[in-house]
Structures are given as C-alpha cells and as structure tokens.
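Trainee: Take this structure first; my questions come after.
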C-alpha cells in the first residue's frame, strides 16, 4: 500500500487525469478545485499558470491521494455524469437517464455508513460516493476508495439489491484499510467484508433479511463447491495457485462465504460484543498494512488465547470442502420459502390452484426470499417443465429483477428440450443481452449451453463484444469456445 501523488505541466486546454511523473519541482498555490472531484479526500487541483505571470498556454494539475492504497484500487471514470446528494458523506453519480432512479434506490447509504462506523471504527476516506456503471460492468460492485463502482442491476426499483452497497462499504475497512498480502489470502478481504455486510443488513433491514442473506450465501457456496468438486483445492480458504494459473479460474463464493463462516465461528466462541470490539481493534492495529492468514490467526489468538484450541485454524485454512461451522440464524423466514417449494413439489395437477392461492403472499416477499424458494426447487429438481412454466408465469417472475430471473433460469433451463416452449431460451437471451454482470451471465450461459449448445454459443458470439473483457474470457471458458 502506497500513497499516490503527482503534478504535471501540460497544455491548458487539456486535463491530466493521473501522472506517473516523479520529482516535479513546481510549487504553486491552490487557486480552485475541480468541481467533479472537490468532495474527494484525494486532492485534485488545476491551476492556470498565467495566474502567476506564466504562459497562457500551460497549466499545472496536482493529484494527491494521501491515504496509502494498493494499486488494484486505482480507477478512473470518464463519462457524462450527474450527481445527487445522499447525505453529508455520500452522493450517487450516474448518467442523466439513470441518476434519479439511483438516487431513490440508494437512499439508505448514510444509515449504512453509521452502522459500519459503529462496528468498524473511524471512516478514514472522507466520503463514500457511489458510481453507477454501464450494464457491461462485470461485478456487483468494486470498492474503489471514495467512489464505489456499482452495477445498474442494483437499480431494481424496490431497494432489494442494496446489500451490495453494504458489502462495498464494509470494504472501506476490510480490503482498503487492511489488505490481503497476496491473492492466496483473498478470503481475509472478502470473508470479513461479508461478515460486516451481514451485520449492517441485520441492523438496517432486520434480522429476517439478514437470515435470508445468510441462507443464500450458504446455498451459493454449496453450489460452487459442487461445481469445483468438494475435494478441489479451490474450495480451500487459502488455495495454492500454481505457476501460470489464472487466479480468475479460482474465483467463486468460497472466499466470501467460507471466509465469513470462519468469522461467525470466532464470534460464537468469544461472544458478539467481544467480537465487535476485537474487530475494531484489529482495523486500528493493521490499518494501512497488508496481512496474511497466519498473521490474522496470531492476532486473534493473542487477543483471545482460547481461540488457539477452539478453532482448528489449519483445517479452516487448508482443508477443502464446506465450512466447518454454519452460523445460526432464525430459520422461520427461510422455512416459509422452503415449505412453499415442498408444496409445489407435491402439487401435481393442483399446481395452478396452488399458484393462485399463494400469488399475493409471494408478491409481498423480498427478492432474496423469492430466490431462496427458486433455488430450493432448483436443488431438489422434482418439478416438470410444465409445472415450472406455470409457476414462473403465474408469479410474474419473468418481469422481475435480474437476480430473480437468473434464479428462474437455473430452475427452468435444465428442464428444456427440443419441442418444448422456447420461453426459457428467450428469457436467457434477454438476460445475457441486457447486462454483463458475471454473477448472472455465467450461470445463465452454463445452464443454456447444457441444453442448447449451438444457441448459447451463437448468442455469445453476437454479444461478447458488448461484455467487459474479463466477462468475455470467463464465459468463453464456460462455453468451451
């Protein structure tokens, strides 16, 4: 982690975004700040040298990010952007056609900052602004300091996807302030971030939403481990990457959810209040430094010696497979979704009647609960194509947000074959065309290519130029092209 600063002399009709020039001796008084960046903790000023009696043709721009950050957090955005204030510490930036919707969607951001500070300590970055990227952005969010990048798929119209903001906010401490030393310790960044994200969600949106978030995480890590194989080294918290191996190949929910499970396990041993104070002390102790898994283990054992024996650190770090601890939560809201899935599995010819009876209740569920319902059905694989079609159309799932539609396709596509209604193929094509977030794009293509190889590959050939390069690379591998 290092601070970034530079100054460069340039033709005054140009603007320097960032310079790598070192040791420039120019010194000039600040005469004004760029209005686009005047909220940032980073200093970015642009001075016309003619104000000091110099040439009318040249200006000097200064950039200074005084807080040390790892280079993967440096990013530049250029576009036609407008901002709307979310509060004294946050604004949202987006293209004019999106900014009002984004302003409404992310209205809880200031509340999240308050909860995060209470849990993690001082917020050192000055502001926490959000930037809505184009649909091709391949991730849910990216925690660039001062200005978090987010996907427009979060703008669902019901604030159901804003847990991603809580996640990126939590990275202001776990990842940005204290950073994993190498990518083999990536779980430290993401596991503690998911742990804190869930605490924020519980506080802002309630324990029911938090419980559903935890159940979804457990389902995701189980699915990814099945995809790799439970004994695969990529299911370890600290996977050993071989020479020449692309770290993207190991990317999954494992460091996120298995990592979070370790922190939930630690909390179960030392207690919730003690865990909170320990985490705050941890961030103060390692602020502006990098950390390894062994250093983290030593820190927690030093603070709480009983953790040396009550947590099997070696198994957690190096043993493949599911987490050794599943966090406890109120299963009632999750059980309601699971119970409805069971009713559908036994409905038979009464499926249409069941859909009619439960339509109002399901409509009132948050998106995450609907996904638990759909993912339970996907895992059990007991419904026919016709029953799933009745369910999907009756509940109106084809017009829901991308999160729900992706879960629908994981259930519906594997049941399709030649001669059946092509509705799931049409839905799949629409989803991979309108956005490039890998969380949705990759599983949709994987499910599609399994039943309609040529259709999936033709769609990708037509659309891959609209995706981010990393999305194109990973989907191409998924499709074998």
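Trainee: Give me the one-decimal nm value for the distance between modelled label points at residue 249 and residue 470, 7 Å along each residue's Cα-to-Cβ direction.
Mentor: Taking the two extended label points, one gets 1.8 nm.
Trainee: Going by C-beta contacts inside 10 Å, put 104, 313, 416 in order with the fewest on the left.
Mentor: Ascending number of Cβ neighbours within 10 Å: 104, 313, 416.
Trainee: Between residue 462 and residue 364, what FRET efficiency comes out of the Förster formula 1/(1 + (r/R0)^6) with R0 = 41 Å and r the beta carbon distance, rounded to 0.05?
Mentor: So, using R0 = 41 Å, E works out to roughly 0.60.
Trainee: Sticking with the crude label model, points 7 Å out along Cα→Cβ, report the distance from residue 338 to residue 303 in nm, one decimal please.
Mentor: Between residue 338 and residue 303, the simple spin-label model gives 3.2 nm.
Trainee: Taking just the alpha-carbon atoms of the chain, what radius of gyration and Dmax come out, in angstrom?
Mentor: Values for the chain (Cα only, Rg and Dmax): 24.3, 87 Å.
Trainee: Oh, and also: Angle, helix 259-270 long axis vs. longest principal axis of the chain, Cα atoms, 0 to 90°, nearest 10?
Mentor: 90
Trainee: Okay, next question. Determine the gain in length on full extension of the stretch residue 330-residue 223; use 0.36 nm per residue of separation and subtract their C-alpha separation, reporting nm with one decimal.
Mentor: 36.3 nm
Trainee: While we're here: Contact order normalised by length for the chain, with contacts defined as Cα pairs under 8 Å and 6 or more residues apart; what percent is it?
Mentor: 12
Trainee: What order do you get for 382, 439 when you list them from fewest to most C-beta neighbours inside 10 Å?
Mentor: Placing the least packed residue first, the sequence is 382, 439.
Trainee: Right, here's the next one. Using per-residue counts of other Cβ atoms within 10 Å, averaged over each peptide, order 66-78, 144-156 from highest down. Please list the in-between numbers first.
Mentor: Numbers: 66-78: 12.7, 144-156: 21.9.
Ranked by mean Cβ neighbours within 10 Å, highest first: 144-156, 66-78.
Trainee: Moving to a separate point now. So what's the back-of-envelope 222 nm ellipticity for the chain, counting only DSSP H runs of four-plus at -39500 (n - 2.57) apiece and dividing by all residues, rounded to 500?
Mentor: Numbers: 19 runs with 228 residues, N = 481.
Taken over the chain, the calculation gives -14500 deg cm²/dmol.
Trainee: Please report how far the C-alpha centroid of segment 332-395 lies from that of segment 304-328, rounded to the nearest whole angstrom.
Mentor: For segment 332-395 versus segment 304-328, the Cα centre distance is 36 Å.
Trainee: Taking a ≥ b ≥ c as the square roots of the Cα gyration tensor eigenvalues, with a/c under 1.5 meaning rounded and otherwise prolate when a/b beats b/c, else oblate, which class fits segment 81-170?
Mentor: prolate
Trainee: Where does each of 271-279, 371-379 land if you order them by average Cβ count within 10 Å, highest first?
Mentor: On the way: 271-279: 14.7, 371-379: 23.3.
Put in order of decreasing packing, that is 371-379, 271-279.
Trainee: What percent do you get for the relative contact order of segment 185-336 when only Cα pairs under 8 Å and 6+ apart count?
Mentor: Contact order relative to length: 38 percent.
Trainee: Please give the helix 423-434 orientation as an angle from the longest Cα principal axis of the chain, in degrees from 0 to 90, rounded to the nearest 10.
Mentor: Helix 423-434 sits roughly 0 degrees off the main axis of the chain.
Trainee: For segment 329-481, what's the relative contact order in percent, using C-alpha pairs closer than 8 Å and at least 6 residues apart?
Mentor: Computed value for segment 329-481: 18 percent relative contact order.
Trainee: Can you tell me the 0 to 90 degree angle between the C-alpha axis of helix 469-479 and the longest principal axis of the chain, rounded to 10?
Mentor: Between the helix axis and the principal axis of the chain, the angle is about 20 degrees.
Trainee: Let me ask something additional. Zone of residue 277 (label point 7 Å along Cα→Cβ, backbone N under 19 Å): which residues in segment 117-143?
Mentor: Once the point is set 7 Å along Cα→Cβ of residue 277, 117-122 turn out to lie under 19 Å by backbone N, inside segment 117-143.
Trainee: According to the square roots a ≥ b ≥ c of the eigenvalues of the Cα gyration tensor, what is the shape class of segment 178-318, taking rounded for a/c under 1.5, prolate for a/b larger than b/c otherwise, and oblate for the remainder?
Mentor: Oblate is the answer for segment 178-318, as a/c is 1.5 or above yet b/c matches or exceeds a/b.
Trainee: Still on this model: Segment 69-103 to segment 439-455: how many Å between their Cα centroids?
Mentor: Each part's Cα centre sits 32 Å from the other's.
Trainee: Residue 288 versus residue 114, label points 7 Å from Cα toward the beta carbon: distance in nm?
Mentor: 3.0
Trainee: Ranking 440, 317 by Cβ neighbours within 10 Å, fewest first, what do you get?
Mentor: 317, 440
Trainee: Here's a follow-up. For an R0 of 45 angstrom, estimate the FRET efficiency from the Cβ-Cβ distance between residue 100 and residue 72 and round to the nearest 0.05.
Mentor: Values: r = 32 Å, r/R0 = 0.71.
In this case the efficiency is close to 0.90.
Trainee: Rounded to the nearest 0.05, what FRET efficiency do residue 269 and residue 181 have when you use their Cβ-Cβ distance and R0 = 30 Å?
Mentor: 0.75
Values in this text are rule-based calculations from the coordinates and carry no lab data. These numbers come from a predicted model, not from an experiment. For neighbour counting, all protein chains shown are included, and Cβ atoms are generated from backbone atoms with ideal geometry for every residue, glycine included.
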